[in-house]
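Here's the structure we're looking at; comments come further down.
Only the coordinates and a few stated rules stand behind these numbers; no lab work does. Quick caveat, the model's predicted, so the values are computed rather than measured. So basically every Cβ, Gly included, is an ideal-geometry build from the backbone, and we count neighbours across all protein chains shown.
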């Protein structure tokens, strides 16, 4: 079932569509929710990729992928932030950051630190991850 996601960035509003599926992935050693996000009329092109791993504690979902399309069309449109907050409410779970992956520093500065400044997430220094509040 296709759903709607609204984002806002730099005083501009966007509307996107998304679908997701739940799969067990050996690479992540667990169940993962795989999201594809796109703009209406661009279904045949690359989509924004967003993945959450279901954590064993039953209360957390960990962001394990948040990548724009290969042409960077979806970059800078607030999708990562919107999906993190949307999934927090959709699944009624805490969303936590993954750390130390190949894109960690970029995600930390462009997504998580901005969300922290807005009061949307907090940072756990002892475990080095961000989490929704």
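In the set 114, 22, 99, which member is within 19 Å of residue 129 (Cα to Cα), in contact with a strand residue (DSSP E or B) (Cβ under 6 Å, 6 or more places away or on another chain) and surrounded by fewer than 19 Cβ atoms within 10 Å (Cβ to Cβ)?
99
Is one or more of the residues making up the range 29-41 out of contact with any helix residue (DSSP H, G or I) (no Cβ under 9 Å at 6 or more places or on another chain), assigned to a strand (DSSP E or B), surrounded by fewer than 16 Cβ atoms within 10 Å (Cβ to Cβ) and in contact (Cβ under 8 Å) with a residue 12 or more places away in the chain?
Yes, that holds for at least one residue.
Of all residues being free of Cβ contacts under 8 Å to residues at least 12 places away in the same chain and out of contact with any strand residue (DSSP E or B) (no Cβ under 7 Å at 6 or more places or on another chain) in the range 117-133, which is nearest to residue 52 (Cα to Cα)? Just the residue, please.
127
Are there helices (runs of 4 or more DSSP H) fully within the range 60-133 with at least 3 residues that are more than 20 Å from residue 46 (Cα to Cα) and within 13 Å of the chain's Cα centre (by Cα)? List them.
Once the helices (runs of 4 or more DSSP H) in the range 60-133 are filtered for at least 3 residues that are more than 20 Å from residue 46 (Cα to Cα) and within 13 Å of the chain's Cα centre (by Cα), what remains is 79-91.
Go through the range 77-91 and give me each residue that's touching a helix residue (DSSP H, G or I) at 6+ places or on another chain (Cβ under 9 Å) and in contact (Cβ under 8 Å) with a residue 60 or more places away in the chain.
Selection gives 81 alone.
Please pick out the residue among 46, 60 that is under 15 Å from residue 129 (Cα atoms) and in contact (Cβ under 8 Å) with a residue 12 or more places away in the chain.
60
Which ones in the range 45-59 are over 9 Å from the mean Cα position of the chain (by Cα), closer than 14 Å to residue 31 by Cα and assigned to a strand (DSSP E or B)?
Correct list: 53, 54.
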